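First, the structure itself, so that you have it in front of you.
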Amino acid sequence: MIREELVFVATCDISGLARGKGFPARELPARLKKGVGWTGSNLMMSPFGPIWDTPFGTAGDFMIVPDPAVEVRVDFADGSAIEHFFLGDICNTDGTLWECCPRDFLRRAIKELDDLASLKLVAAFEQEFLYTGVSDRPGDAYALGAFRRQNGFGEIFTAALRAAGVVPDTFLAEYGPRQFEVTVMPQPALTAADHAVITREMARATANRLGQRVIFSPKPDPELVGNGVHIHMSLVDAAGRPATHAPGEPMELSKSAQHFCAGVLHHMPAICAITAPSPVSYLRLTPNAWAPTVIDLVRQDRGAALRICPTFAAATPTEMARQFHVEFRATDAAASPYLALGAVIFAGVDGIRRGLELPTSGQPEQLPRSLPEALDRLAANKTVAGWLGPTHFDAYLRFKRVEAEKVAGLSPAELCARYAEVY
Ligand code: GLU
Ligand code: MG
């Protein structure tokens, strides 16, 4: 049959889903400039599709402009359509960035860190998901058997990631039934967030071609362990040298890293509404599920909100400094990687600016226990409002409040089932 290659340009916005528009590949030169048309209310599309509330109404035009540096073109060589998309920025029609562009939110956070402290953040997203193409069998946690029975999904996914410009690190059968985890190599923050979006899309694209699904929902089943997204982060100085590790300092963290982490802990109740942004996110953040429940920074504890990760076979101080990093665990795939990482960096920058110290004693505060509770903490946080700007802050709160309301009557099992259909 005749066919013509198509290209898609996407943003990953408040819903945490990649959305945008497609066009024939031959139009690409023109589309690299003018992008694809978008509206303010497109930002307000709920995870389930409908726009339930919007400050933008039906008025206004924007464009998603592809970033030529973030092109994915993967031929799965199975006769299926070439997976060809760009990630891009939401711009005003004059080409300037829209104040609600999620990717630019992260870019602004990166710039603040650089302007204030001459530091850059390097990050890698570790993501968990269920793969429906493997049967559920007792004893499968981390099992070679489960690893084998995914029947080539892992190999195709790994090849797709590499072809998409993402460098795969690990792929494994995780603890839960049918649960897998993928890690990719660290990158500068903006690229790391782009790669998080691409990783999810490559997992979906691979599963789709195998007639299966991947489910990234934070809690696919109330009885089972959740799907976390963990953001591994380290600071590097202007010369690109590691700037997180300082032997002899509290937690062996450099002064900048201490303030950065203190800022993240300080703002965690509010930014939780951005990093764990769905009602099911709070079913994941429960005890005994290797997910955080309190706002703490702990060395080598997988229950911590901020975990100082181990170093492996680091024989020299240089190697130790290179490996030493912190992991933010209070996030999941209902969050846009741009908004989640942006919020974490802005919080860290605020910690550096204010010279916040790490807590030394006392019981750590509980993480918000529900999305409405997190949204109340967000609404009350003027600093976070400043990072987003008035329009984006208002849009975000409206979006998430109505989402929480719409599913408020569902039981945990119904809620999990509903979100598992989307994510
Ligand atoms: N599944 C756990 C979570 O929800 C994480 C397990 C792990 O440490 O990789 O975050
Ligand atoms: Mg894991």
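The values are calculated or read from the model by the stated rules, or taken from the named source; none is laboratory data. Given the structure is predicted, the values throughout are model-derived calculations rather than measurements. Note that each Cβ is placed from the backbone with ideal geometry, even for glycine, and that neighbours are counted across all protein chains shown. For the accessible areas, the whole protein counts, side chains as well, though only heavy atoms, and no ligand, DNA or RNA atoms are used. Shrake-Rupley method; radii C 1.70, N 1.55, O 1.52, S 1.80 Å.
Which percent of the accessible heavy-atom area of region 165-244 goes to carbon and sulfur, probe 1.4 angstrom?
Numbers: 1370 of 2650 Å².
Accessible surface attributable to carbon and sulfur in region 165-244 totals 52 percent.
Report, to the nearest whole %, how much of the accessible area of region 1-97 belongs to carbon and sulfur atoms, 1.4 Å probe, protein only.
Details: 2610 of 4700 Å².
Exposed carbon and sulfur together represent 55 percent of the surface.
For region 20-124, list log₁₀ I(q)/I(0) at each q in 0.11, 0.25 Å⁻¹, using the Debye formula over Cα point scatterers of equal strength and ignoring solvent, two decimals each.
-0.47, -1.29
Defining a contact as two alpha carbons under 8 Å apart and six or more residues distant in sequence, what relative contact order in percent does the chain show? Don't skip to the end; give the middle numbers.
On the way: 894 pairs, mean separation 76.0, N = 423.
Value for the chain: 18 percent.
Continuing with the same structure: Under 1.5 on a/c is rounded, so check that first for region 281-365, then, if it is not, pick prolate when a/b is larger than b/c and oblate when it is not; a ≥ b ≥ c are the square roots of the alpha carbon gyration tensor eigenvalues.
Numbers: a/c = 1.42, a/b = 1.27, b/c = 1.12.
Here region 281-365 falls in the rounded category.
If you roll a 1.4 Å probe over the heavy atoms of the protein chains, what accessible area per residue do you get for the chain, in Å²? Write out the running numbers ahead of the final one.
Numbers: 17340 Å² over 423 residues.
For the chain, the solvent-accessible area averages 41 Å² per residue.
According to the Kirkwood expression over distinct Cα-Cα pairs, how big is the hydrodynamic radius of region 117-177, in Å? Spell out each step's value before the answer.
Details: mean 1/r = 0.0746 Å⁻¹.
With all distinct Cα pairs of region 117-177 included, I get 13.4 Å.
Any chance you could run the full-extension gain for Arg19 through Asp394? It's 0.36 nm times the residue separation minus the Cα-Cα distance, nm to one decimal.
Values: separation 375, 0.36 × 375 = 135.00 nm, distance 2.09 nm.
Additional length available on full extension: 132.9 nm.
While we're here: Which loop chymotrypsin sites (Phe, Trp or Tyr not before Pro) in region 121-183, with loop taken from DSSP, have no more than 15 other Cβ atoms within 10 angstrom of their Cβ?
Details: sites: Phe125, Phe129, Tyr131, Tyr142, Phe147, Phe153, Phe157, Phe171, Tyr175, Phe180; in loops: Tyr142, Tyr175.
Filter output for region 121-183: Tyr142, Tyr175.
Same structure, new question: Go through region 184-284 and name the GluC sites (Glu not before Pro) that are in a DSSP coil and have 11 or fewer other Cβ atoms within 10 Å of their Cβ. Intermediate results must be reported in sequence, preceding the final value.
Numbers: sites: Glu201, Glu223, Glu252; in loops: Glu223.
For GluC sites (Glu not before Pro) across region 184-284 that sit outside H, G, I, E and B with at most 11 neighbouring Cβ atoms in 10 Å, the list reads Glu223.
Return the carbon/sulfur percentage of the accessible area of region 258-348, one whole number, probe 1.4 Å, all protein chains in place. All intermediate terms of the calculation are to be shown ahead of the outcome.
Working: 1390 of 2500 Å².
Roughly 56 percent of what the probe reaches on region 258-348 is carbon or sulfur.
Now for a different question. Could you work out how far the C-alpha centroid of region 1-80 sits from that of region 322-348, in angstrom?
The distance from the Cα centre of region 1-80 to that of region 322-348 comes to 24 Å.
Hey, can you grab everything whose amide H is under 5 Å from the amide H of Asp67? Only 5+ residues off in sequence or another chain; H modelled, so Pro and N-termini drop out.
Here Leu87, Gly88, Asp89 satisfy the definition.
Another question, then. Explain nothing, just compute: Karplus ³J(HN,Hα) = 6.51 cos²θ - 1.76 cosθ + 1.60, θ = phi - 60°, for every residue of region 338-346 in order, whole Hz, x for Gly and Pro.
Result, rounded to whole Hz: 5, 6, 5, 5, x, 5, 5, 5, 4.
Then there's this: For region 250-263, what does the Karplus curve 6.51 cos²θ - 1.76 cosθ + 1.60, with θ = phi - 60°, yield as ³J(HN,Hα) per residue in whole Hz, taken in order and with x for Gly and Pro?
Values, residue by residue: x, 6, 6, 9, 4, 4, 4, 5, 4, 5, 4, 5, 4, x Hz.
Hey, if you drop one equal point scatterer on each alpha-carbon of region 54-200 and run the Debye formula without solvent, what base-10 log of I(q)/I(0) do you get at q = 0.10, 0.15, 0.20 Å⁻¹?
-0.49, -0.91, -1.19
Hey, what did region 171-315 get for relative contact order, percent, Cα under 8 Å, at least 6 apart?
Working: 138 pairs, mean separation 18.5, N = 145.
RCO, region 171-315: 13 percent.
Would you work out the Kirkwood radius for region 239-395? I mean one over the mean of 1/r across all pairs of different Cα atoms, in Å.
Hydrodynamic radius (Kirkwood, Cα pairs) of region 239-395 is 16.1 Å.
Compute the distance in nm between two label points, each set 7 Å from the Cα along the Cα-to-Cβ direction, one at Arg3 and one at Ala413.
Inter-label distance under the simple model: 4.1 nm.
Note down the Stokes-Einstein diffusion coefficient of the chain in µm²/s, whole number, using a Kirkwood radius over alpha carbon pairs, 37 °C, and 0.692 mPa s. Each step should come with its number before you reach the end.
Values: Rh = 21.8 Å.
Result for D is 150 µm²/s.
Which three numbers, in whole Å and largest first, are the semi-axes of the equivalent ellipsoid of region 70-147 derived from its Cα gyration tensor as √(5λ)? Each step should come with its number before you reach the end.
Numbers: eigenvalues 279, 105, 27 Å².
In descending order the semi-axes read 37, 23, 12 Å.
A further question on this structure: For n ≥ 4 DSSP H runs only, could you compute -39500 (n - 2.57) per run for the chain, divide by its residues and tell me the 222 nm figure to the nearest 500? Mind showing how you got there, number by number?
On the way: 13 runs with 155 residues, N = 423.
Dividing the helical sum by the residues of the chain leaves -11500 deg cm²/dmol.
Here is a follow-up. Mean-square fluctuation check for the chain, GNM, Cα pairs under 10 Å: which of Asp89, Asp296, Asp115 is largest?
Highest fluctuation of the listed residues: Asp115.
In region 1-92, which GluC sites (Glu not before Pro) fall in coil by DSSP and have 10 or fewer other Cβ atoms within 10 Å? Display every interim value, and only then the final one.
On the way: sites: Glu4, Glu5, Glu27, Glu71, Glu83; in loops: Glu4, Glu5.
In loop regions of region 1-92 (DSSP not H, G, I, E or B), the sparsely surrounded GluC sites (Glu not before Pro) are Glu4.
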